[in-house]
Amino acid sequence: MYVKTLLRVPAFALIGLLSGTAVAAQNPVHNHIGHAATGFNGTPEGQGLLSTAIAEAAVAARHAGLAARDPSDLDGAKRHMGHVIHALDPSVVESGPGLGYGVKRGAEGAARHVELAAGTDGASQNVTTHSNHVITAARNAAANVDAAIALAQRIQASNDYVLAEPLIEQLAALTEAIGSGTDANDDGRIGWQAPEGGLAQSDQHLTLLQRGEGLIN
């Protein structure tokens, strides 16, 4: 039935329909935006790179928070450190409750693809403007991943909970900042710029970028 219906479409209309679809599918700017926002081959369940980073950041923050609940339980805190590191970068700790992709890989991948979109011929002013915001916030989050892993490893190596306690508190705050950003200058808002921007700010500007391109409502 479908084949018969399709054959009734005038030839010129069919050619236009197919060519329009091909153009949409081959738009390299929107393809790169899609990799960051909606889907990328190799991520868990094919999710977008930034959404994968956000999901992993939530796991890291949860386990850092669990460690901070009772810093006198140093052995328990050390177990959570492995979970935190796995969610941040599974190339450092291979197993854990995270997705196995890592905040760092997802954030850097999203920044890279948005950068590619902005550098592609035909990229609009909308893409050029918001891409800077997306990239800066995502890379600031990725840089904080390295600092968080270093803190977690120091906690793992500690034998004194009194010395470990402030490190655990710092890690809880830092993992929260990776996901939500931080008001570094105490002006009552969190911007996309370093050192404030986190994955939430990157996602906010990626949404604005998509709307400007008519990719979402």
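For the reader, a short list of remarks on this structure follows.
- Theoretical FRET efficiency, 1/(1+(r/R0)^6), r = Cβ-Cβ of Y161 and A184, R0 30 Å, to 0.05: 0.55
- Angle in degrees between helix 103-118 and the longest Cα principal axis of the chain, rounded to the nearest 10: 30
- Modelled spin-label separation between N41 and Q125, with each label point placed 7 Å from Cα along the Cα-to-Cβ direction: 3.6 nm.
- Ordered by solvent-accessible area of protein heavy atoms (1.4 Å probe), largest first, the residues Y101, Y161 come out as Y161, Y101.
- Within the stretch 70-217, the percentage of alpha carbon pairs spaced more than 24 angstrom apart rounds to 40%.
- Computed over the chain, the per-residue total of -39500 (n - 2.57) for DSSP H runs of n ≥ 4 gives a 222 nm mean residue ellipticity of -23000 deg cm²/dmol, rounded to 500.
- Taken about its Cα centre, the chain carries a charge dipole of roughly 1000 debye when the Cβ of each Lys and Arg holds +1 and the Cβ of each Asp and Glu holds -1.
- Across the options T136, A64, G82, the greatest Cα extent toward the positive end of the charge dipole of the stretch 39-153 (unit charges at beta carbon of Lys, Arg, Asp, Glu) belongs to A64.
- Think of each Lys and Arg Cβ as +1 and each Asp and Glu Cβ as -1; about the Cα centre, that makes the dipole of the stretch 58-137 roughly 140 debye.
- Counted residue by residue at 0.36 nm each, then reduced by the alpha carbon distance between them, the extension gain from A147 to Q26 reaches 39.7 nm.
- Extension reserve of the I216-V92 stretch, reckoned as 0.36 nm per residue once the Cα distance is removed: 41.0 nm
The values are calculated or read from the model by the stated rules, or taken from the named source; none is laboratory data. Nothing here was measured: the structure is a model prediction, and the numbers come from that model. FYI the Cβ positions are ideal-geometry reconstructions off the backbone, even for glycines, and counts take in every protein chain you see. Protein only, heavy atoms only, side chains kept; ligands, DNA and RNA dropped before computing areas. Shrake-Rupley method; radii C 1.70, N 1.55, O 1.52, S 1.80 Å.
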